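Below is one structure, written out as structure tokens; comments come after it.
The values are calculated or read from the model by the stated rules, or taken from the named source; none is laboratory data. Note that the structure is a prediction, hence the values are computed from the model and not measured. Quick reminder, even Gly has a Cβ in these numbers, built from the backbone with ideal geometry, and neighbours come from all protein chains shown. Quick note on the areas: whole protein, heavy atoms, side chains included, nothing else; ligands and nucleic acids left out. Shrake-Rupley method; radii C 1.70, N 1.55, O 1.52, S 1.80 Å.
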Amino acid sequence: MDPCPFVRLTVGNLALKIPVASKPARSVVHPSLSPCFCKIKLKNFPLQTAVVPYFPPENQFPDNQQQTLAATFHLSKADIDKLAQKSIFSAKPCLKIAVYTGRRGSTCGVNSGCLLGKVSVPLDLAGTESKACVFHNGWISVGKETKKDSSARFHLNVKAEPDPRFVFQFDGEPECSPQVFQIRGNIRQPVFTCKFSFRNTGDRNQGSSVCSLLVKLTFQLQSDRSLRSEPSSSRRWLSSFGSERERLGKERKGWSITVHDLSGSPVAAASMVTPFVASPGSGRVSRSNPGSWLILRPGGGTWKPWGRLEAWRERGSSDGLGYRFELIPDMSAAAIVLAESTLSSSKGGKFVIDLGGRSGSNGRVTPRSATSPACSPRSSGDFRYGLWPFAVHQGFVMSAGVEGEGKCSKPRVEVSVQHVNCTEDAAAYVALAAA
């Protein structure tokens, strides 16, 4: 399999120095007391925001500072070509950053932050598909300058690195048992087939080892969930046991998707182990009782659980679809959360696993946009899978496009080359995208 060229453009190591006036005005927001932030914009890409740490004027930024990411842009070859197109306004593409003092947000429709100044970094992306390039690393003046060295100074690092990926495209909706093609430029090559099936968990005459294992895992995972759930949830479950909604939910629990290679051998599978049953008196699947899919990989002559994807509808009037993907090292160890965010159920978006995102104050990684979140594990280590030694492999892992409700969804899956060592690796991500 030949990968497609991609480039990862990162902005990091942000810092801000503001000269302290001898008689500071009361109306001025002091950066050491109130956080500053910036808005980062690249043409044709969603706007991203990041907090800018305050740096004392007398201190120097350490040369060996570990890279702290503020924003990341993933560029395909088509994106690079579009950015390279000349216009009457600019000969080269530019990364534009607006720096603000004060807090983010708005009050009564008026932005709270005060614009300090703008920075523009020219980008020459030619050749970055094969070689890393640093466009800027250091301090730059921002804002008005009245006297020498009296202007604010903004520190940033902007660089581009090759990030090749395998790209797969479903030829139809996953429930229609489609073929899966590998895409490279204008070349479409079939690599997998998907088989959607309905598994009756009450059928005792199943001869398939896949089905029998899924039945066993279903009851084990349901048992683990019931122990973690609060008593009120258990009572609600029992009270609705005989309802039509529960009957339909038990039927949906039999859904499964098996991914086969071109020889017909199964190389990955996804099975619905917890039905997506709406809470009593509501049309929404709640976060306290989400539905879930189990992703499996073959190994040692049997099937082994690899990950679990859970989903629910967010509270309130929004159409947010919450999701969480957990890696399962083995059935006796605690699962590791790799992705947890929200996307629009009406407009769709992208499900993304990105281990190079920026962490928030709560230890989780903050989404870069509503439709393209970044995610990160809550711990690190080698979890007995070649795909996930966090101490070695960082950065983008995979993404899958998701269409909104009522629309035909033919997922396009991108997987980083560094996370694919064999056919089964790629098939696991295809099964996850199907789920």
Flagged pairs (Cβ under 8 angstrom, 6 or more apart or on separate chains; first in region 418-435, assigned to a helix (DSSP H, G or I); second charged (D, E, K, R)) are HIS419/ASP425; THR423/ASP261; GLU424/ARG297; ALA427/ASP261; ALA427/ARG297; ALA428/ARG297
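A quick yes/no check of all residues on (1) modelled with pLDDT of 90 or more; (2) in contact with a strand residue (DSSP E or B) (Cβ under 6 Å, 6 or more places away or on another chain); (3) in a loop (DSSP other than H, G, I, E, B); (4) assigned by the TED database to the domain that holds THR49:
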residue	(1), (2), (3), (4)
PHE89	no, no, yes, yes
GLY127	yes, no, yes, yes
LYS131	yes, no, yes, yes
VAL134	yes, yes, no, yes
ILE140	yes, yes, no, yes
LYS147	no, no, yes, yes
Checked against (1) more than 30 Å from PRO266 (Cβ to Cβ); (2) open to solvent by 30 Å² or more (accessible area, probe 1.4 Å), GLU340 satisfies every condition except (1)
Might you check whether a residue that is in contact with a Leu (Cβ under 8 Å, 6 or more places away or on another chain), at pLDDT below 90 and either under 25 Å from ILE353 (Cβ atoms) or assigned to a loop (DSSP other than H, G, I, E, B) (or both) occurs anywhere in region 98-109?
no
Pairs returned, first residue in region 398-410 that is over 13 Å from SER345 (Cα atoms) and in the same structural domain as THR342 (by the TED database), second residue that is open to solvent by less than 30 Å² (accessible area, probe 1.4 Å) and of a type in the set (A, V, I, L, M, F, W, C), beta-carbon separation under 6 angstrom, 6 or more apart or interchain, are MET398/ILE353; MET398/VAL415; SER399/VAL352; ALA400/PHE351; ALA400/VAL413; ALA400/ALA433; LYS410/PHE170
Scanning region 293-322 for residues that are of a type in the set (Ser, Thr, Tyr) and assigned to a loop (DSSP other than H, G, I, E, B) gives SER317, SER318
If we ask which residues in region 298-330 are open to solvent by less than 30 Å² (accessible area, probe 1.4 Å) and within 22 Å of the chain's Cα centre (by Cα), their number turns out to be 16
Over region 267-283, the set of residues in contact with a strand residue (DSSP E or B) (Cβ under 6 Å, 6 or more places away or on another chain) and open to solvent by 20 Å² or more (accessible area, probe 1.4 Å) is PHE276
The condition of being surrounded by 14 or more Cβ atoms within 10 Å (Cβ to Cβ), among the basic types (Lys, Arg), in contact with a strand residue (DSSP E or B) (Cβ under 8 Å, 6 or more places away or on another chain) and at pLDDT 85 or above holds, among ARG199, ARG287, ARG225, only for ARG287
Note on region 406-422: residues open to solvent by 60 Å² or more (accessible area, probe 1.4 Å) and either more than 16 Å from GLU175 (Cβ to Cβ) or of a type outside the set (Lys, Arg) (or both) are GLY406, CYS408, ARG412, GLN418, ASN421
Every listed condition ((1) modelled with pLDDT of 75 or more; (2) in contact with a strand residue (DSSP E or B) (Cβ under 6 Å, 6 or more places away or on another chain)) holds for PRO31 save (1)
Of the candidates PHE6, PHE37, PHE45, the one satisfying the condition of being at pLDDT 80 or above, open to solvent by less than 50 Å² (accessible area, probe 1.4 Å) and farther than 29 Å from VAL415 by Cα is PHE37
